[in-house]
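In what follows, a structure is listed as structure tokens, so that the remarks can point back to it.
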Amino acid sequence: MNKYFIVHKPFNVLSQFSSTDDKKTLKDFFDVPSNVYPIGRLDYDSEGLLILSDDKKLNQNLLDPLQEHEREYWVQVEGNISEDAMDKLQNGVSININGKMYGTKKCVVKKFIHSPKVSERNPPIRFRKSVPDSWIKIILREGKNRQVRKMTAAVGFPTLRLIRYRIEKITLDDLLPAEMKIISKQELYNLLKIKKEK
């Protein structure tokens, strides 16, 4: 029987269970069987939703670019982001991926009117009165290395904090940083809109 877990990865934690340079890993927070591993990844300095499992088929499906699973990120950016910058993000910008320029696919970008309710980050973002910040929601159907950070930098609004809030219909709701919940295969596959093989 495959096992499935949804976790809230804290800030400054590697998306893996072993470390060679004293950085914190998932092992410091989550007690799961040794053959369970993260499906996909979140950068060390990003937070939020991560799925852990020993299901190789799920791994192939979720990471297959052709499946275009929706991923929603809540992003705190430096500066009061403009409509023009958000339009550029939505229509695609050029970012550097492994030394080559890549045009991002069209995506959904919305500005939060009020800052979203998110947990305190440890350590917190450095607060500067003279520099405003804004929160935006970015919904992607692709996942290049450090894509969101590169996208917001490309339009002149560097990312201060990045939280993956949702993958398809799975959300971070009710999960605090370093918390985990067990989920059944059926529920997980339904929420991810993956057809189970008979």
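Observations on the structure shown:
- Three-way shape label, segment 44-157, alpha-carbon gyration tensor, a/c 1.5: oblate
- When Ile170, Ile136, Ile182, Ile39 are sorted by how many other C-beta atoms sit within 10 angstrom of their C-beta, beginning with the fewest, the order is Ile182, Ile170, Ile136, Ile39.
- The distance separating the Cα centre of segment 89-148 from that of segment 152-182 comes to 10 Å.
- Chymotrypsin sites (Phe, Trp or Tyr not before Pro) restricted to segment 82-139 and DSSP loop, no more than 16 other C-beta within 10 Å: Phe112, Phe127
- Counting other Cβ atoms within 10 Å as a rough exposure proxy, the listed residues Thr104, Thr20, Thr152 run Thr20, Thr104, Thr152 from fewest neighbours to most.
- In terms of surrounding Cβ atoms within a 10 Å radius of their Cβ, Asp54, Asp45 rank from fewest to most as Asp45, Asp54.
- Over all Cα atoms in the chain, the spread is summed up by Rg and Dmax: 17.0, 58 Å.
- Based on DSSP H segments of at least four residues, each scored -39500 (n - 2.57), the chain has a per-residue ellipticity at 222 nm of -4500 deg cm²/dmol.
- Computed over segment 70-167: relative contact order in percent, which uses C-alpha pairs under 8 Å that are six or more apart: 52 percent
Read-outs throughout are calculated quantities, based only on the coordinates presented, and are distinct from any laboratory measurement. Note that the structure is predicted; figures quoted are calculated from it, not measured. Here Cβ is always computed from backbone atoms with ideal geometry, including for glycine, and neighbour counts include all displayed protein chains.
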